[in-house]
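Please treat every number below as a calculation from the coordinates, not as lab data. Because the structure is a prediction, the values reported are computed rather than measured.
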Amino acid sequence: MSESAGRRSTLPGFGLTMGLTLTWLSIIILLPLAGLFLKTFELSFDQLWAIVTSRRTLHALKVSFGLAFAAASVNLVMGTVIVWALVAKYAMHQVVQGWTAIMIVIAVFSGVQLLMIGILGEYIGRIYEEVKRRPLYVVGDTVNVPRKGDGEDRV
C-alpha cells in the first residue's frame with residue numbers, strides 16, 4: 001500500500017468541489033457558446049457580415065482588445081519583476097526588501113499610463129474622423145423638392 005493512500009488530503013472535498021465547479025462552468029460557458037456557434041449556421045453570409053461589422057460589435061471588440069493589451073502589459077511587467085525577485089532570492093541568496101510595495105506602485109502607475117494612452121488614442125481617433133470630412137449622411141432620394149435644372153425656373 002502506498003504512503004499517500006492512508007494520508008488525508010490537506011483540502012478535504014477538493015475532488016467533489018472541483019468536479020462541481022467544472023460542471024457548472026461548462027454549463028454556464030460551453031452551452032451558450034455552442035448555441036452561438038450553431039446560430040451562425042442559420043444566418044446567411046450577408047446577415048453574418050452585417051452583425052460582425054456592426055458598430056456595436058466593433059466597439060465591443062475594441063474594448064476587449066484594449067483590456068487584453070492592458071492586462072498583457074501589466075502581466076509582462078509583473079512577470080519580469082517576479083522572475084527578478086525569485087532569481088535574486090534563490091540564485092543570489094539575497095532577500096529583496098520592499099519589492100511588494102514597488103510592485104503595487106508600478107501596477108498603479110502602469111494603469112494610469114494605460115488609461116491616459118487610451119484617452120489620447122480616442123482623442124486622436126476623433127481628430128482623424130473629423131479630418132476625413134465625410135458627411136454624416138447622404139441623401140439618397142428627395143420627395144416634393146424641385147431639382148436644379150428641371151426647367152421650373154424657366155419662363
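Spelling out what I want: for every residue of the range 24-30, take phi, set θ = phi - 60°, compute 6.51 cos²θ - 1.76 cosθ + 1.60 (Karplus), and round to whole Hz; glycine and proline get x.
These are the phi-based 3J(HN,Hα) values: 5, 4, 5, 5, 6, 9, 6 Hz.
From the phi of every residue in the range 86-92, what ³J(HN,Hα) in whole Hz does the Karplus formula 6.51 cos²θ - 1.76 cosθ + 1.60 yield, where θ is phi - 60° and glycine or proline is x?
After applying 6.51 cos²θ - 1.76 cosθ + 1.60, I find 5, 5, 5, 6, 8, 8, 9 Hz.
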